[in-house]
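**Q** Have a look at the structure that comes next, please.
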Amino acid sequence: MAKIKAENKKTNAQIRIYCDIARCVGCKSCEIACAVAHSQEKNVFLAIREEPRPKKRVFVQVTKEGSYPLQCRHCDEPACVLACMSAAITRDERTGMVTIDKDRCVGCGMCIMSCPFGALIMDKDKKVSLKCDFCIETAEPACVQACPTGCLFLGTLEEFKERIGRSKEKK
């Protein structure tokens, strides 16, 4: 999160995770890395034995056109915030981050039903909603770090467009 905050001050733009779907091979490395990052042990070999099992917050979707990772979009006008009856979900106006206060969440699932992307899940063990939190404890989200093809990118929309433009020029 240190990187996100620093870049935000520098560019005054909102940092997001973007995906170059042309590069995604559907390997699910992002899913595994996400679950491990949210485990107690932070180690893949130990995390698979934890009870309850760590929950991923990114989901690789496969379509006839290809595959892509799906996670919270941290929307400008998040439906989940409006649907949350306990006000557990909030959006930081400065960073654009949408977060869930697990202590306030009552596990009603309204946010899950309202998300147009299907990016929230219910942690049935803890009875709270979960979503991408940008791996707030680290400088870069685990999914971005783990992607072997580099399809995931952390930055501003302008930086992502520039990156996509450069990769198209190389072809």
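The values are calculated or read from the model by the stated rules, or taken from the named source; none is laboratory data. Everything quoted here is computed from the prediction, not taken from an experiment. Every residue, glycine as well, gets a Cβ built from its backbone with ideal geometry; the counts of neighbours run over all protein chains shown.
**Q** From Lys168, Lys127, grab the single residue that is within 14 Å of Arg23 (Cα to Cα) and not β-branched (Val, Ile, Thr).
**A** Criteria check complete, one pass: Lys168.
**Q** Let me ask something else about it. Looking at (1) in contact (Cβ under 8 Å) with a residue 12 or more places away in the chain; (2) within 19 Å of Asp125 (Cβ to Cβ), find the lone condition where Arg49 falls short.
**A** So Arg49 meets the others, but not (1).
**Q** Only one of (1) assigned to a loop (DSSP other than H, G, I, E, B); (2) in contact (Cβ under 8 Å) with a residue 24 or more places away in the chain; (3) surrounded by fewer than 19 Cβ atoms within 10 Å (Cβ to Cβ); (4) not assigned by TED's automatic domain parsing to the domain that holds Asp123 fails for Gln40. Which number is that?
**A** So the condition that Gln40 fails would be (2).
**Q** Evaluate region 133-147: report whether one residue or more is in contact (Cβ under 8 Å) with a residue 60 or more places away in the chain and farther than 17 Å from Ile15 by Cα.
**A** Yes, the conditions are met somewhere in region 133-147.
**Q** Going residue by residue through region 110-117, is there one that turns out to be among the hydrophobic types (A, V, I, L, M, F, W, C), part of a loop (DSSP other than H, G, I, E, B), within 16 Å of the chain's Cα centre (by Cα) and surrounded by fewer than 16 Cβ atoms within 10 Å (Cβ to Cβ)?
**A** yes
**Q** Which of the residues belonging to region 1-37 are closer than 21 Å to Lys161 by Cβ, in a helix (DSSP H, G or I) and either of a type in the set (Lys, Arg) or at pLDDT 95 or above (or both)?
**A** Across region 1-37, the qualifying residues are Lys3, Lys10.
**Q** So, one more: Among the listed residues Arg91, Arg163, identify the single one that is in contact with a His (Cβ under 8 Å, 6 or more places away or on another chain) and closer than 16 Å to Ile15 by Cβ.
**A** Arg91
**Q** Give region 122-132 a look and list any residue that's free of Cβ contacts under 8 Å to residues at least 60 places away in the same chain and either of a type in the set (Gly, Ala, Ser) or in a loop (DSSP other than H, G, I, E, B) (or both), or say none.
**A** Lys124, Lys127, Ser129
**Q** Same structure again: What residue, among those in region 55-65 that are surrounded by fewer than 17 Cβ atoms within 10 Å (Cβ to Cβ) and assigned to a loop (DSSP other than H, G, I, E, B), is modelled with the lowest pLDDT?
**A** The selected residue is Glu65.
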